[in-house]
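Take a look at the structure below.
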There are 10 protein chains.
Amino acid sequence: MSEKTNLLETFPNQYPNRDYRIVHEAPEFTSVCPKTGQPDFATMTLEYIPNELCIELKSLKIYYTSFRNDGIYYESVTNKILEDLIEVVKPRFMRITAEFNVRGGISSVIEAEYESPEFQAKLWKAE
Amino acid sequence: MSEKTNLLETFPNQYPNRDYRIVHEAPEFTSVCPKTGQPDFATMTLEYIPNELCIELKSLKIYYTSFRNDGIYYESVTNKILEDLIEVVKPRFMRITAEFNVRGGISSVIEAEYESPEFQAKLWKAE
Amino acid sequence: MSEKTNLLETFPNQYPNRDYRIVHEAPEFTSVCPKTGQPDFATMTLEYIPNELCIELKSLKIYYTSFRNDGIYYESVTNKILEDLIEVVKPRFMRITAEFNVRGGISSVIEAEYESPEFQAKLWKAE
Amino acid sequence: MSEKTNLLETFPNQYPNRDYRIVHEAPEFTSVCPKTGQPDFATMTLEYIPNELCIELKSLKIYYTSFRNDGIYYESVTNKILEDLIEVVKPRFMRITAEFNVRGGISSVIEAEYESPEFQAKLWKAE
Amino acid sequence: MSEKTNLLETFPNQYPNRDYRIVHEAPEFTSVCPKTGQPDFATMTLEYIPNELCIELKSLKIYYTSFRNDGIYYESVTNKILEDLIEVVKPRFMRITAEFNVRGGISSVIEAEYESPEFQAKLWKAE
Amino acid sequence: MSEKTNLLETFPNQYPNRDYRIVHEAPEFTSVCPKTGQPDFATMTLEYIPNELCIELKSLKIYYTSFRNDGIYYESVTNKILEDLIEVVKPRFMRITAEFNVRGGISSVIEAEYESPEFQAKLWKAE
Amino acid sequence: MSEKTNLLETFPNQYPNRDYRIVHEAPEFTSVCPKTGQPDFATMTLEYIPNELCIELKSLKIYYTSFRNDGIYYESVTNKILEDLIEVVKPRFMRITAEFNVRGGISSVIEAEYESPEFQAKLWKAE
Amino acid sequence: MSEKTNLLETFPNQYPNRDYRIVHEAPEFTSVCPKTGQPDFATMTLEYIPNELCIELKSLKIYYTSFRNDGIYYESVTNKILEDLIEVVKPRFMRITAEFNVRGGISSVIEAEYESPEFQAKLWKAE
Amino acid sequence: MSEKTNLLETFPNQYPNRDYRIVHEAPEFTSVCPKTGQPDFATMTLEYIPNELCIELKSLKIYYTSFRNDGIYYESVTNKILEDLIEVVKPRFMRITAEFNVRGGISSVIEAEYESPEFQAKLWKAE
Amino acid sequence: MSEKTNLLETFPNQYPNRDYRIVHEAPEFTSVCPKTGQPDFATMTLEYIPNELCIELKSLKIYYTSFRNDGIYYESVTNKILEDLIEVVKPRFMRITAEFNVRGGISSVIEAEYESPEFQAKLWKAE
């Protein structure tokens, strides 16, 4: 298990009977490029439908800040954050969108998402 | 029953045979964080399809203002407002979108919605 | 029949074999609040697919201007305009979107639409 | 056949096996109102999926410019341009969106589109 | 095989079990018009779902820069870039959107996309 | 004396020893064109440095609304409002900026200002 | 005297004792490039302080429209409009700003202004 | 002395030999209208040149929050904040700009500023 | 003398008695970084008051394009363009503003200007 | 002498006879709040008129990055950067503008500038 997940705290979802959407947009995410050692900057947007747990906002900030001096690629950090948050929050649905600043004249977005098996089954039934 | 619902007033929908959409956007919502005691600020957007009743606009403002000094979390206040309005307006469809200002470098959106059983049945039939 | 419909003029649709979309956006709509006597302001957007008739633009302006000193609620004026225009233009599809300026810190949108029975049948068949 | 179509030139589509989208946005379209004799101004957007032919860009400009002193209504000019371009380019799909400047406090959009019978059949099969 | 593809480098996708989206937006693309010899300018947006390989960002920049003094048409350069990238990256899905600056008062967008046979089959099954 | 000035109410300036700036921007001003009988629309911005009196905001709104059905030209209404407000508020400095919506493809701004003799003398001395 | 000046009409300035500013912004100006024969497009902004006369808005529109099929360079048309308007309106101050659309990847602005001798003398005295 | 000034904390200016500018923009200011009892909302911008003291940011927030349930007019609250801050920070220059949300279709700005006698003398000398 | 100046063409200023302003904004300037060999991109804005000569627009474009494959630093290219244009156009006043795209997370602007001795003398006299 | 100044590199100004302006805007500045240990984020804008030396862009980036894990207050970091750059670049004029992201609902700007004695003397003489 990723050590960083210890930083993440949750609280019980008070409205588990309803599928509702929570979005946290963090424009101050920064990590380090493993190749050049230079800092990368991104807006990290987390969107999810909670099941039993919601993510505590301050702990999310501390979790994001823990990447500040880590050397990690765009694709890896986006997928890792998704996996850490799935592990801790066990959501019905979750999507991470990481919008990285211009490097070499090119800006990049990485977007990964997850649906729990139960949520997928429910969507099948509804169609 | 929530005492706050007494603040909400309605008037009869003059066009009940048509499904039409009403949106009220209120950028001046404010409540208090129960943890820190500091004020929170949000744009609260209500969207609904009326059945027999429409919400009276001034009473909606007074209802929103009643949260001004209440300590309540993002997720709770959004769902509570949805439930209060469902109880009073009994709409065919209703959605609350609460866009909260930046706290700790992170801005948040909570969005919850409701469809009446009759409205869902009608959608089934139309497909 | 609403007397205001006499203000609306039409001309023959030269391309009745094609379903095409016409939009007229009028940001200078104003009427009067029946409760307070104070003026209301809205951007009134008309979107439709013509059948045999198109609405003449200058007559639409005169029709809108006729509400200038009428006391009428948001929901009523939007639905009334839709009904008047359906009666005169007999469109395949029509939608009115009324975006009202801020009152008491809240801005409002009312949106109502119509599909002719023939247009609905055609959509059924196409699916 | 419309004489204006002589102004339009094409070149062979080098990638006919792929359905791809081409958009040309022309914010400098102008014609004359047949009623008032005053000039009208529009942004004319052409979107299409080529079959065997692509439209040559400079000839499109010359074609648009040929309307400069013609008296023609919004609905007519939009549909006429669509028909001229279908005749010359024989596309799989084509859409014209004409956004006209404010007249009498009202701005207007006319949007018409076309699908070739073969393209429609392919869409049916895919569903 | 296009010689330019030698410029493109890849690295293994660490998350092949998940369909996730990568976007690289490059607002500094420039080539030369084969007709006039004058430079063209575009924002080139690459969007893809990786299979086994991801495109290395710096090599993508060098690849784009290699077009700097090439005479090539809008439609050709967009489709060629798509084909080169498919050949090297072998993605599940890929889309190129090229937004060219105003020439003769007209701006243009060319957009082409690709789905691998396996990805299409998966989409069929899911429906 | 203009009858409309009776609509304007004032309250004592609590900080007469300081030159400070007050701005009221009213985007919902409307009057009628004396030539065509059609309504005109403007954003009316009042900026002033109070002397002994401040303008009461609600009375300003009622004053503006009194022009709703008056036939009056752009230049006249702007200068008249300035003169009415000077008469009632007796400010040190005052400026009216009226931004009128597009008519015949042309939007217009009329801007007039006033400095009291005492204020001018003070500026002289300061230079 | 330029024949076009016959198109321009004026009305008496009702407030000649006050130096106030009038701005008319016309985003639909078009003329023809004398070199290429292709149309040019500009936003033509007229700003002036009236003396005895104000320019009548509709005649200004007709005057601008008279350039529609004239072949004339950017610098010439801007200075000519300024001179025509000075001749007819005899203003205290006048400025023409012509913002031309992109040609060959370059957009252009030409700005010329005039102060009457009396206005200059007054400014001298005030300093 | 105003009791609220007890909420304001300062720290020593480390660079008193240089005139430099500090701006704090607070878009979440809210107080209550003494007339209607309804909440007012403003963006409160503080700009100053420190002398010996700088304002501590968190205490400024707490100070602003103390107005949350106070009934106070636009003009009064702006001038009072300026006076409280002058008293505590003793700046060389200070300006408060309060931008209030729309009420009755009108938005308002109140702007007041202060220069210390020493700062004014220095400006005289420099001219 | 710089060889590039041969590319620049002029035409006689038809209004030499008036000081008027000409601006040409070119968002498609590109050269090459002499250090990295990678292309640089800038918006190059030329602003001048002509004396006897105006710069011909198409030759300006060709002149800018001649830098396309030159290795030259930000500061040098901006000053060189100013000097070349002064030499050819002999203006009363001229300013070059070069806004370079982000490199290493930093965007840059270089701005240099020139006044002819006669123009400076005239300004002295006017003060 | 500050150790960080060793990171800054310069190159000779090739145009020392002309006063021209250089601006470098860096939206990715980050340091750490000494009180809370949480990261701060700013856009750091450097504007200067070079004398004998220009700042090398890449070294400026490395210099800014060196603050990444330093605990330092808004006012201190802005003034320190100004002093370091004056020491190394010895400019005629220099200004640092640091725009910090929202903390506790308040965003902040710190702006400090410097003029060399020679530059001030020249300005005196010119007036």
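Quick note: the coordinates plus some simple rules give every number you see, no bench work behind them. Computed from a predicted model, the values in this text were never measured in an experiment. All Cβ positions, even for glycine, are placed from backbone atoms using ideal geometry, and neighbour counts span all protein chains on display.
Data for the structure
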quantity	calculated
Cα long-axis angle, helix D:117-126 against chain D (0 to 90 degrees, to the nearest 10)	60
Overall form of chain B per C-alpha gyration tensor (a/c, 1.5; a/b vs b/c)	prolate
Of F:Asn101, F:Asn17, F:Asn51, the one that fluctuates the most in a GNM where chain F has Cα springs shorter than 10 Å	F:Asn17
Lysines whose Cα lies under 22 Å from that of G:Lys61, excluding same-chain neighbours fewer than 8 positions away	C:Lys58, C:Lys61, D:Lys35, F:Lys35, G:Lys4, G:Lys80, G:Lys90
Sorted peptide list for A:115-121, G:64-70, criterion being average Cβ within 10 angstrom, highest first	G:64-70, A:115-121
For H:Asp40, distant residues with modelled amide H under 5 Å away	H:Ser31, H:Val32, H:Cys33
Long-range amide H partners of H:Asn51 with built H, under 5 Å	H:Arg92
Alpha carbon centroid spacing (whole Å) that separates region J:98-127 from region I:65-127	24
Extension reserve of the D:Lys90-D:Asn69 stretch, reckoned as 0.36 nm per residue once the Cα distance is removed	4.8 nm
Local net charge near C:Val32, Cβ-Cβ under 13 Å (Lys/Arg +1, Asp/Glu -1)	+1
Average other protein chain Cβ within 10 Å of Cβ, residues I:29-41	3
Derived scalar couplings ³J(HN,Hα) [region G:6-19; Karplus, 6.51 cos²θ - 1.76 cosθ + 1.60; whole Hz; x for Gly, Pro]	4, 6, 7, 10, 10, 9, x, 5, 7, 10, x, 6, 10, 7
Per-residue average of Cβ from other chains inside 10 Å of F:17-27	6
Point-to-point label distance, J:Arg18-E:Asn101, nm (Cα→Cβ direction, 7 Å offset)	2.2
Per-residue average of Cβ from other chains inside 10 Å of C:91-104	3
³J(HN,Hα) computed for each position of region H:109-116 - Karplus, 6.51 cos²θ - 1.76 cosθ + 1.60, integer Hz, glycine/proline x	10, 10, 9, 10, 9, 9, 10, 5
Magnitude of the charge dipole, the protein assembly as shown, Cβ model with Lys/Arg +1 and Asp/Glu -1, debye to 20	0
Distance between modelled label sites at D:Lys35 and J:Leu53, nm, 7 Å Cα→Cβ extension	7.2
Highest-fluctuation residue, E:Ile96, E:Ile49, E:Ile62 considered, GNM on chain E with Cα pairs under 10 Å	E:Ile62
Calculated from backbone phi, Karplus (6.51, -1.76, 1.60) coupling profile of region I:79-90 in Hz, x at Gly/Pro	5, 5, 4, 4, 5, 4, 6, 4, 4, 8, 8, 6
Point-charge dipole on Cβ atoms (K/R +1, D/E -1) for chain B, about Cα centre, debye to 20	100
Check: region B:24-91 dipole with +1 on Lys, Arg Cβ and -1 on Asp, Glu Cβ, in debye	200
Chain J: most fluctuating residue of J:Tyr48, J:Tyr73, J:Tyr63 per GNM, C-alpha cutoff 10 Å	J:Tyr73
Placed amide H near C:Glu9: partners under 5 Å, 5+ positions off or other chain	C:Glu56, C:Ser59, C:Leu60
